[in-house]
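Report on one structure; see the data block that follows.
The values are calculated or read from the model by the stated rules, or taken from the named source; none is laboratory data. Model, not experiment: these values are computed from the prediction. When we count neighbours, we look across all protein chains shown, and the Cβ atoms used for this are built from the backbone with ideal geometry, even at glycine.
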Amino acid sequence: MTALTLSDLQAGYDPDLPIVKGVSFTVSKGEAVCILGPNGAGKSTMIKAIAGLVPCFGGQVQLGETEVTGMPSHLLARNGVGFVPQTENIFTRLSIIENLQIAAQLLPKPERPRRIEAMLDMFPDLAARPRELAGALSGGQRQMLAAARALLTEPEVLMLDEPSAGLSPKLVGQVFETLRRISDTGVTLVLVEQNVRAALALTHRALVLVDGKLAHDGPTDVLHDGRFLGELFLGHRAAEAGR
Amino acid sequence: MELLAYAAFFLTIALTYAVICLGLNVQWGQTGLFNVGIAGFVGLGAYVSAALTTPDAAERIGGFDLHIALGWLAAMAAGAALALAVGLLTLRMRSDYLAITTFGIAVALQLVFQNTESLTGGAFGMAFIPRPFSGLQSEPFAFNVLNLALTALVVLVLYVLLEHLLRSPWGRALRAVREDEVAAQALGKNPVLLRIQAFALGGAIMALAGAVQAHFIGFIAPANYLPMMTFQVWAMLIVGGSGNNRGAILGAVLVWAIWALSGALISEIFPADQQARAASLQIVIIGVMLCAILLWRPQGILPEVRSVSRHLGHRNKDT
Amino acid sequence: MNPQAIIDGLIAGSTIGLGAIGLTLTYSILRFANFTHGDFLAWGAYLTLTVAGVLGGLAAGLGAPVYPFSFGWGLPLAVLGGVALTVALTLGLDRILFRKLRARGADTIIIVMASFGASMALRSLLEFIFTAKPVYFTNALQIAKPLGLGMRATPDQLMVIGLTALMVLGLHLLVTHSATGRAMRAVSENPGLAGVYGVDVAKVVRVTWIIGAGMACIAGVMAGLLVQIRPYMGFDLLLPLFAAAILGGIGSIPGAMLGGLIIGLSEAFAVQIIGAEWRAAISFVILVIVLMLRPQGLFGRKEA
Ligand SMILES: Nc1ncnc2c1ncn2[C@@H]1O[C@H](COP(=O)(O)OP(=O)(O)O)[C@@H](O)[C@H]1O
Ligand SMILES: [Mg+2]
């Protein structure tokens with residue numbers, strides 16, 4: 001059963017200069033994949049295009065069997081896509097509980113309090129002061145809130161853009177521990193990550209994006225060899241220098 | 001002969017608008033600054049020049065009987081100073097604060113024109129503003145043609161100067177700031193300073209246009225500088241093509257022609273007692289035209305030569 | 001100084017505040033300074049007047065003043081119709097103009113310019129349809145009743161102040177406590193993220209226009225009831241509206257109301273001190289002072 005399929009997807013900010021230049025892959029239900037690649041390769045742009053935040057110029061995105069290319073982000077959210085952007089991923093001017101309440105609007109009314117409670121149980125840091133403005137949270141706590149908000153609606157596909165960026169090693173460990181638990185519940189996980197080591201510990205399959213194209217799609221074990229990864233990334237650099 | 005004299009008169013007025021448009025083009029077309037107080041800047045230039053060049057008048061201060069050229073220069077200085085003050089106040093903030101502030105400037109100046117009788121003559125305005133070639137006033141044709149030539153010369157000189165300036169490093173820096181402020185900043189440009197300079201230059205040109213217009217007509221009153229004027233000038237630049245100096249001139253003549261023609265048409269169609277009312281239709285036409293162009297041809301008739309301004313659309317960053 | 005200025009200022013301030021609330025909401029959620037907002041007030045007043053005329057034609061009794069006010073049951077009924085029509089006008093304008101520009105990704109300032117063009121067209125259209133001659137909701141004369149301390153007010157004026165207070169309170173509660181209000185605040189902070197959270201941003205935009213247009217219509221009717229209805233009434237209020245919204249802090253409903261009251265009171269006192277002919281300059285002076293000293297406004301956030 002496939003959860004997410006990309007076919008020759010092209011996306012970006014200007015139709016004349018696509019950033020994602022024809023990417024195809026399939027993610028099965030319950031699978032965890034990790035997207036790696038050098039800075040500026042277009043990882044964030046691709047994941048935002050899937051989430052309906054960046055225009056697609058060609059190709060297709062499918063959720064299960066349904067085509068969702070270019071669907072507005074709120075409809076994707078309703079169709080079971082959870083997305084945590086890399087930056088600005090919570091509403092800092094709203095309280096912690098309000099952040100969760102907004103997401104909970106997607107659920108039937110009777111389920112809302114239960115799911116919010118469940119998230120506060122899962123992230124005790126947030127439960128301590130739920131009425132505080134989310135802007136007052138630390139970097140790690142913000143990532144927690146962002147994850148909690150995405151999980152609250154029990155998405156079928158959860159996409160996270162560099163959830164460990166800017167966190168201390170201890171927090172990175174916590175974040176990945178949480179992600180492992182989530183993955184174990186059967187949620188399909190698409191993870192963009194610069195922290196190759198941590199990501200490879202979590203997932204069994206890696207996609208490497210270089211200059212808007214897939215340079216590798218396969219099991220993670222080959223990537224444990226630092227040289228292989230280096231070549232992939234460097235190949236891109238050499239190409240760029242030649243331009 | 002009469003028709004020709006009228007044509008010369010019409011073109012002269014249109015060209016004074018072209019001067020305003022050239023000023024606006026520096027602010028908007030090249031720099032992306034939205035000035036909603038054009039009428040205030042134009043009026044300021046007119047009043048400053050009039051106060052300096054009119055003969056001494058008993059009922060008001062001013063009337064220094066200076067040469068017209070001095071009036072023009074003083075108008076430019078006043079326009080630049082006002083623009084500088086507005087720029088220093090708002091150009092660090094988000095772009096629409098400039099719009100709101102300039103809108104306020106025009107309202108406030110309108111009140112000053114109206115209420116400081118001892119300086120501006122109040123609602124009745126100022127008359128006996130010296131006109132260039134006034135010795136020929138008894139021969140309307142020669143008078144109008146010479147004034148047309150003078151105004152055309154002003155437009156030409158400004159056009160050449162501005163084109164030159166825009167090709168200079170300063171002009172390139174200006175466009176760089178407009179297109180990508182962050183990148184320009186990384187290259188060592190100071191966006192705020194550049195914007196303030198451009199805004200002041202544009203303000204000076206608008207004020208000059210006010211002075212030229214005032215001296216051509218010989219009479220000014222607060223009612224000449226209503227928000228309507230701001231609106232007409234915007235329509236001219238957007239129709240002609242923002243960012244393109246020839247577009248600015250073309251737009252001025254074209255929109256002024258549409259304005260005059262629709263006015264004539266309305267006075268043909270509507271009975272005399274309905275004409276004041278029907279005149280408001282002229283404004284509706286221009287307003288709809290402005291919106292339509294923004295929607296369907298934001299680059300105007302003559303687009304900017306280098307690159308269509310990115311701020312006209314197709315960017316989709318935060319939506 | 002005459003204490004009557006306090007009443008005059010509160011009354012003018014109520015109208016300005018209500019208008020500024022709509023402006024501040026559209027400003028924070030649609031992210032542009034909407035120059036047509038003043039004209040929504042004027043259109044609201046004229047549309048309500050038209051509905052009142054139709055209602056009066058249907059049932060003459062509706063026009064008879066209801067003690068102690070100067071107007072009859074027809075007016076509150078007409079306001080309902082006027083609000084609906086003003087809402088339709090703003091939603092229509094959004095659909096044919098602003099939404100298209102937003103969809104194209106046009107810069108804020110292009111949308112501001114379009115609003116400026118639309119404002120001119122709307123105002124002149126009013127002038128064409130209704131002529132520049134002022135009109136009134138009622139011909140009934142009202143005696144101002146003494147309130148003590150040398151202040152007087154008519155029942156109409158007191159009703160306007162009371163109604164404004166109620167509406168501002170209601171709207172404030174809506175925005176701070178309801179799901180709709182939460183969604184509005186979310187969109188105002190980050191529309192893209194709101195979509196990711198599952199908020200239908202287009203719907204929030206519609207709600208914002210509806211609230212803004214409703215408030216504008218009511219403010220226009222109030223101004224028309226207390227002073228007169230003219231095509232330029234909204235345009236003349238535009239600078240006070242902007243000044244109030246910026247003074248209060250963009251996006252803040254209590255701020256816009258407080259800003260409106262401050263401007264109304266300052267105008268009323270200025271009229272007594274320096275004369276009525278300078279009234280329109282007061283908002284400009286306040287605007288400049290705010291931009292110099294506290295550009296984020298009273299209740300605004302820094303770097304807004
Ligand atoms: N909002 C934007 N508008 C225009 N270009 C952008 C925008 N965001 C990112 N880009 C460009 O897209 C390219 C890919 O960026 P991104 O997707 O963030 O890469 P990654 O996440 O792999 O580091 C970069 O060249 C970047 O400059
Ligand atoms: Mg990224």
Practice problem: Output the number of the condition that A:GLY52 fails; it satisfies all remaining conditions of (1) more than 16 Å from ligand 1 (Cβ to nearest atom); (2) at pLDDT below 95; (3) farther than 14 Å from A:ALA147 by Cα. | Solution: (1)
Quiz item: Among (1) modelled with pLDDT of 85 or more; (2) in contact with a helix residue (DSSP H, G or I) (Cβ under 6 Å, 6 or more places away or on another chain); (3) within 16 Å of ligand 1 (Cβ to nearest atom), where does A:GLN141 come up short?
Solution: (3)
Practice problem: For the range A:34-65, name all the residues that are more than 14 Å from chain C (Cβ to nearest Cβ) and either within 16 Å of ligand 2 (Cβ to nearest atom) or surrounded by 23 or more Cβ atoms within 10 Å (Cβ to Cβ) (or both). | Solution: A:CYS34, A:ILE35, A:LEU36, A:GLY37, A:PRO38, A:ASN39, A:GLY40, A:ALA41, A:GLY42, A:LYS43, A:MET46, A:VAL61
Quiz item: Is it true that some residue in the range A:89-109 is within 16 Å of ligand 2 (Cβ to nearest atom), within 10 Å of another protein chain (Cβ to nearest Cβ) and under 17 Å from the mean Cα position of the chain (by Cα)?
Solution: yes
Self-check item: A:VAL27, sole failed condition from (1) more than 10 Å from ligand 1 (Cβ to nearest atom); (2) assigned to a strand (DSSP E or B); (3) closer than 25 Å to A:ARG197 by Cα; (4) touching a helix residue (DSSP H, G or I) at 6+ places or on another chain (Cβ under 9 Å)
Solution: (4)
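If a residue has to be more than 16 Å from ligand 1 (Cβ to nearest atom), surrounded by fewer than 19 Cβ atoms within 10 Å (Cβ to Cβ) and not basic (Lys, Arg) to count, how many in the range A:159-174 make the cut?
Looking only at that region, the number is 5.
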Quiz prompt | From C:ILE273, C:ILE250, residue being aliphatic (A, V, I, L, M) and under 26 Å from C:ALA213 (Cβ atoms) | solution = C:ILE250
Quiz prompt | Filter result for A:GLN174 (outside any loop (DSSP other than H, G, I, E, B), away from every other protein chain (no Cβ under 14 Å) and within 16 Å of ligand 2 (Cβ to nearest atom)) | solution = no
Quiz item: Do we find a residue being surrounded by fewer than 17 Cβ atoms within 10 Å (Cβ to Cβ) and either touching a Lys or Arg at 6+ places or on another chain (Cβ under 6 Å) or more than 26 Å from C:GLN228 (Cβ to Cβ) (or both) anywhere in the range C:74-91?
Solution: yes
Quiz item: Consider A:GLU156 against the criteria (1) away from ligand 1 (no atom under 16 Å from the Cβ); (2) charged (D, E, K, R); (3) surrounded by 21 or more Cβ atoms within 10 Å (Cβ to Cβ); (4) within 27 Å of A:ALA41 (Cα to Cα): it satisfies all of them except one. Which criterion is unmet?
Solution: (3)
Quiz prompt | Hits in the range B:78-94 (condition: within 9 Å of chain C (Cβ to nearest Cβ) and without any contact (Cβ under 8 Å) to a residue 24 or more places away in the chain) | solution = B:LEU89, B:THR90, B:MET93, B:ARG94
Practice problem: Report yes if B:ASP273 is at pLDDT below 85 and either of a type in the set (Phe, Trp, Tyr) or in a loop (DSSP other than H, G, I, E, B) (or both), otherwise no. | Solution: no
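Quick check on the range A:66-86. Is at least one of its residues within 16 Å of ligand 2 (Cβ to nearest atom) and either among the basic types (Lys, Arg) or farther than 20 Å from A:GLY186 by Cα (or both)?
Yes, the conditions are met somewhere in the range A:66-86.
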Self-check item: Among (1) of a type in the set (A, V, I, L, M); (2) in a helix (DSSP H, G or I); (3) within 11 Å of chain C (Cβ to nearest Cβ); (4) in contact with a Pro (Cβ under 6 Å, 6 or more places away or on another chain) - the single one B:LEU150 does not satisfy
Solution: (3)
Quiz item: Assuming A:ALA215 fulfils every condition listed in (1) modelled with pLDDT of 90 or more; (2) within 29 Å of A:LEU9 (Cα to Cα) apart from one, which condition is it?
Solution: (1)
Quiz item: Here are some residues: B:ALA211, B:ALA252, B:ALA235. Which one is within 12 Å of chain C (Cβ to nearest Cβ) and crowded, with 22+ Cβ neighbours inside 10 Å?
Solution: B:ALA235
Quiz item: Which residue out of C:ILE110, C:ILE96 is under 24 Å from the mean Cα position of the chain (by Cα), part of a helix (DSSP H, G or I) and more than 8 Å from chain B (Cβ to nearest Cβ)?
Solution: C:ILE96
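A quick yes/no check of all residues on (1) within 18 Å of B:ALA198 (Cα to Cα); (2) touching a Gly at 6+ places or on another chain (Cβ under 7 Å); (3) among the aromatic types (Phe, Trp, Tyr):
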residue: B:GLY32; (1), (2), (3): yes, no, no
residue: B:GLY45; (1), (2), (3): yes, yes, no
residue: B:ARG60; (1), (2), (3): no, yes, no
residue: B:ASP65; (1), (2), (3): no, no, no
residue: B:ALA75; (1), (2), (3): yes, yes, no
residue: B:ALA80; (1), (2), (3): yes, yes, no
Quiz item: If you scan the range A:180-201, which residues turn out to be surrounded by fewer than 18 Cβ atoms within 10 Å (Cβ to Cβ) and away from ligand 2 (no atom under 16 Å from the Cβ)?
Solution: A:ARG180, A:ARG181, A:ASP184, A:THR185, A:GLY186, A:ARG197, A:ALA201
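With the requirement that a residue be assigned to a loop (DSSP other than H, G, I, E, B) and under 15 Å from the mean Cα position of the chain (by Cα), what does the range C:32-91 give you?
C:ALA33, C:ASN34, C:PHE35, C:THR36
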Self-check item: Qualifying position, being under 21 Å from the mean Cα position of the chain (by Cα) and within 13 Å of chain C (Cβ to nearest Cβ), among B:TYR97, B:TYR159
Solution: B:TYR97
